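Scroll down for the structure; my scribbles are underneath it.
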Amino acid sequence: MSHTYVSANVYCRRIFGCKVYKLALSAATSCPNRDGTAGVGGCVFCSAGGSGDFAASAELPVARQIEDAKRTLGAKGEGLKYIAYFQSYTGTYGDLARLERIYTEAVSQPNIVGLSIATRPDCLGPETLAMLRRLSEGMPLWVELGLQTSNEETARRINRCYPLAAYEKAMENLAALNVHRITHVIFGLPGESREDMLQTIRYVAERADGIKLQLLHVLEGTALAGSYRRGEFRTLKPEEYYELVADALELLPENVIIHRLTGDGAKRDLIAPLWSADKKRVLADLNRVLRSRNIRPAEC
């Protein structure tokens with residue numbers, strides 16, 4: 001029996017009629033889980049860059065960030081369409097008027113056809129939702145929520161600092177805006193069993209429009225680094241991760257878009273698992289496992 005999933009690439013071709021590249025940008029925001037509003041120290045896995053280590057410099061105007069990001073793509077990105085992707089920290093936290101100006105400027109740049117904002121479920125109050133509604137009226141808007149796990153005990157261990165109810169409410173509110181709702185999930189969090197991880201997938205499958213799957217990376221400068229060095233948990237082995245991804249894809253219905261099968265940790269900061277640094281090999285081995293289980297991406 002085969003299983004088909006829809007990748008973000010195929011989804012974009014269906015929506016925009018062509019291949020679309022995401023440009024990693026920064027709105028120079030902070031996070032309520034760092035400044036004491038919700039918690040301190042951030043989630044235990046989060047780097048100093050607020051999970052936006054590959055984003056353009058926040059010190060630059062957004063138009064300059066976009067031009068620099070385009071140049072990093074080289075010839076392969078010339079003349080194509082782009083999504084302005086604000087990943088680092090919490091994209092709906094802080095001065096909303098300032099953020100709206102930044103996002104509006106971003107989508108006004110040449111060949112920008114969509115906007116993607118990463119945030120926390122507890123940072124989507126009425127004024128924020130009103131801002132997102134206005135932004136969504138100009139072009140397609142994606143909102144990415146960092147859930148990581150549906151297990152409340154794991155959430156406590158990783159210092160997520162919001163309850164599952166906040167995610168559920170956020171997803172309901174975003175659905176009313178008709179935006180594309182993406183949920184970020186991490187496999188390999190300390191203390192989680194295989195069943196815990198797959199239960200998160202079942203939970204997300206009932207609520208999200210899209211999902212990002214991420215292998216847990218242990219990075220220098222995070223609270224997780226000390227815990228790992230003390231031997232308090234281990235990271236996933238390659239085949240464990242590949243089989244988890246395959247299981248997840250089989251659980252997810254085709255209407256949930258797969259935005260990521262794995263992710264990168266900045267190599268300069270990566271402590272573990274070191275096997276994940278060879279992304280080409282990871283993708284090749286992952287695809288081998290998927291083919292062996294007759295799991296394949298849908299065509300346009």
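Where a number appears in this text, it was derived from the coordinates with a stated rule and is not lab data. All values reported here derive from a predicted model rather than from experimental measurement. Virtual Cβ from ideal backbone geometry, glycine too; neighbours counted across all protein chains shown.
Things worth noting here:
- For the chain, built as a Gaussian network whose Cα springs stay under 10 Å, the top-fluctuating residue of Ala176, Ala27, Ala277: Ala176
- Share, in percent, of DSSP beta bridges within the range 1-158 that are antiparallel, nearest 5: 5 percent
- The range 95-146 and the range 156-182 have Cα centres spaced 16 Å apart.
- Fewest-first sequence of Trp142, Trp275 by Cβ atoms within 10 Å of each Cβ: Trp275, Trp142
- Pair Lys76, Arg296: separation of 7 Å Cα→Cβ label points (nm): 2.3 nm
- Amide H contacts of Gln148: His184, Val185, Ile186, each under 5 Å away and 5 or more positions distant or on a separate chain (H built 1.01 Å from N in the peptide plane; Pro and chain starts excluded).
- According to the Kirkwood relation over distinct C-alpha pairs, the hydrodynamic radius of the range 52-160 is 15.2 Å.
- When each of Cys300, Cys123 is scored by the number of other beta-carbon atoms lying within 10 Å, the sequence from fewest to most is Cys300, Cys123.
- Within the listed set Ser136, Ser47, Ser116, the Gaussian network model of the chain (springs between alpha-carbon atoms below 10 Å) gives the highest mean-square fluctuation for Ser136.
- For the chain, the dipole from Cβ point charges (+1 on Lys and Arg, -1 on Asp and Glu) about the Cα centre works out to 720 debye, to the nearest 20.
- Spatial separation of Cα centroids for the range 1-50 and the range 210-244, in angstrom: 18 Å
- Loop GluC sites (Glu not before Pro), the range 208-300 (other Cβ atoms within 10 Å of the site Cβ: 14 or fewer; DSSP): Glu220, Glu232, Glu254, Glu299
- Computed E for Leu198/Ala28 - FRET, C-beta separation, R0 30 angstrom, nearest 0.05: 0.20
- Per-residue ellipticity at 222 nm computed for the chain from its helices equals -11000 deg cm²/dmol, with DSSP H segments shorter than 4 residues left out and the rest contributing -39,500 (n - 2.57).
- Scanning the chain for trypsin sites (Lys or Arg not before Pro) in DSSP loops with at most 15 neighbouring Cβ atoms within 10 Å leaves 20-229 as the longest stretch between them.
- Cβ-derived FRET efficiency at R0 45 Å, Lys169 paired with Ala284, nearest 0.05: 0.65
- Whether the range 3-297 is rounded, prolate or oblate, judged on the alpha carbon gyration tensor where a/c under 1.5 counts as rounded: rounded
- Of the beta bridges in the chain, as assigned by DSSP with both residues counted there, near 10 percent are antiparallel.
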